[in-house]
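Notes follow the structure.
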Amino acid sequence: MNKSLRNAVIAGNWKMNNTRVETTALINELAPLVKGADCEVVVCVPFTNLQTAVELAKGTNIKVGAQNCHFEKNGAYTGEISADMLVEMGVEYVVIGHSERRQYFAETNVTVNKRTKAAIASGLKVLLCVGEMLEDREQGITDELVALQTKIGLLDIDKADLDKIIIAYEPVWAIGTGKTATAEQANEVCTMIRNTVAKIYDQAAADAMTIQYGGSMNAANADELLAKPDVDGGLIGGASLKAADFTAIINAASK
Ligand code: PGA
């Protein structure tokens, strides 16, 4: 396993936070701070902030992502946004299957797979989220559950398209709770995900796959988490809303 084969990716998931005015301020503050980053820097912002973010990110090393997209190209899906619409705006990434969408918006492994396929067909890069709930961990089924999410998430996706997919392992009990998985726990599941990818495709594909950890990652714990051999980056919620905190995580990933 050679971590240096992989691209470290630090992505901020702003969730339903920041107006356009706040978006402008945060990206303008962030851009000079992350200029020298030796990792991919992504901000996944609400749909209404995408245009602002894309404009401000021009000429910087910040990439812009959305937080969801629909699986159909167009049609009678009131309130939805297609992958092509995002691409047309200059968006490069999209978060798919975040646990909040799974919990609150009836997202399933099957719709996660459909959205993933639609996104990569349109040319987006996908941050594909998987992760167990606390009760799954307590019942000792974390590996089975996360392997299942990974397998169905990647169903019918060609090996040639895997470079457009990043898997984000986010234990649901660690999201927004201040309760981080230990670096060992995070690495253990990331390794298991990599082994699952190796079984579906092959070892080379698994070795090349960027796998992030997410769940209360912050300036204080990022070093330890990102030093783990199978943790190639982070999907950051709360700490991505403050330029200094997000920059500290980016600096940790750039080491
Ligand atoms: P958190 O969120 O960093 O606030 O725990 C992570 C995420 O939900 O992506």
Of everything in the range 127-148 that's within 16 Å of the ligand (Cβ to nearest atom) and in contact (Cβ under 8 Å) with a residue 40 or more places away in the chain, which residue is nearest to Thr196 (Cα to Cα)? Val146
Just name the residue that is nearest to the ligand (Cβ to nearest atom) out of those in the range 185-197 that are more than 22 Å from Gln103 (Cβ to Cβ) and free of Cβ contacts under 8 Å to residues at least 24 places away in the same chain. Glu188
Looking at (1) under 17 Å from Leu241 (Cβ atoms); (2) in contact (Cβ under 8 Å) with a residue 12 or more places away in the chain, find the lone condition where Val21 falls short. (2)
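Residues being on the phi > 0 side of the Ramachandran plot and away from the ligand (no atom under 13 Å from the Cβ): count how many of those fall in the range 75-111.
Within the range 75-111, the first condition is being on the phi > 0 side of the Ramachandran plot, and the residues that meet it are 75, 79, 90, 97, 106.
Now narrow it down to the ones that are away from the ligand (no atom under 13 Å from the Cβ): 75, 79, 90, 106.
Qualifying residue count for the region: 4.
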Residue check, Gly234 against (1) in contact with a strand residue (DSSP E or B) (Cβ under 9 Å, 6 or more places away or on another chain); (2) away from the ligand (no atom under 14 Å from the Cβ), all met but one. Which one? (2)
Could you please give the count of residues in the range 107-121 that are under 16 Å from Leu86 (Cα atoms) and of a type in the set (Val, Ile, Thr)? 2
Tally, over the range 80-98, of residues that are surrounded by fewer than 22 Cβ atoms within 10 Å (Cβ to Cβ) and within 16 Å of the chain's Cα centre (by Cα): 1
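Condition test on Ala239, is it surrounded by 23 or more Cβ atoms within 10 Å (Cβ to Cβ) and farther than 17 Å from Gly97 by Cβ?
Working: surrounded by 23 or more Cβ atoms within 10 Å (Cβ to Cβ): no; farther than 17 Å from Gly97 by Cβ: yes.
Considered against the rule, which asks whether it is surrounded by 23 or more Cβ atoms within 10 Å (Cβ to Cβ) and farther than 17 Å from Gly97 by Cβ, Ala239 comes out as no.
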Output the number of residues of the range 24-55 satisfying the condition of being free of Cβ contacts under 8 Å to residues at least 60 places away in the same chain, surrounded by fewer than 21 Cβ atoms within 10 Å (Cβ to Cβ) and of a type outside the set (S, T, N, Q). 8
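When you check Ala66 against the structure, is it within 16 Å of the ligand (Cβ to nearest atom), more than 19 Å from Val172 (Cα to Cα) and either free of Cβ contacts under 8 Å to residues at least 24 places away in the same chain or not acidic (Asp, Glu) (or both), yes or no? Lay out the reasoning, then the answer.
Values: within 16 Å of the ligand (Cβ to nearest atom): yes; more than 19 Å from Val172 (Cα to Cα): yes; either free of Cβ contacts under 8 Å to residues at least 24 places away in the same chain or not acidic (Asp, Glu) (or both): yes.
In short, yes.
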Search the range 198-217 for residues being more than 16 Å from the ligand (Cβ to nearest atom) and of a type in the set (A, V, I, L, M, F, W, C), and hand back the single one that is surrounded by the most Cβ atoms within 10 Å (Cβ to Cβ). Met209
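In the range 213-231, is there at least one residue being β-branched (Val, Ile, Thr) and touching a Gly at 6+ places or on another chain (Cβ under 9 Å)? Spell out how you get there, then give the answer.
The initial filter retains those residues of the range 213-231 that are β-branched (Val, Ile, Thr), namely 231.
Of the ones still in play, those that are also touching a Gly at 6+ places or on another chain (Cβ under 9 Å) are none.
Checked against the condition, which is being β-branched (Val, Ile, Thr) and touching a Gly at 6+ places or on another chain (Cβ under 9 Å), the range 213-231 yields no hits at all.
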Hey, could you check the range 242-255 for residues that are out of contact with any strand residue (DSSP E or B) (no Cβ under 8 Å at 6 or more places or on another chain) and farther than 14 Å from Lys3 by Cα and say which is surrounded by the most Cβ atoms within 10 Å (Cβ to Cβ)? Ala252
Result of the Cβ filter at 6 Å on the range 149-176, keeping first residues that are closer than 13 Å to Lys125 by Cα and away from the ligand (no atom under 16 Å from the Cβ) and partners that are in a strand (DSSP E or B) and modelled with pLDDT of 95 or more, at least 6 apart or interchain, is Lys164/Lys125; Ile165/Val126; Ile165/Leu128
Pairs only if they're at least six apart or on different chains, beta carbon under 8 angstrom, first in the range 236-255 and among the acidic types (Asp, Glu), second assigned to a helix (DSSP H, G or I); list them, first residue then second. Asp245/Ala239
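The values are calculated or read from the model by the stated rules, or taken from the named source; none is laboratory data. From a predicted model like this one, the values you see are computed outputs, not experimental measurements. Every residue, glycine among them, receives a Cβ derived from its backbone with ideal geometry; neighbour counts consider all protein chains shown.
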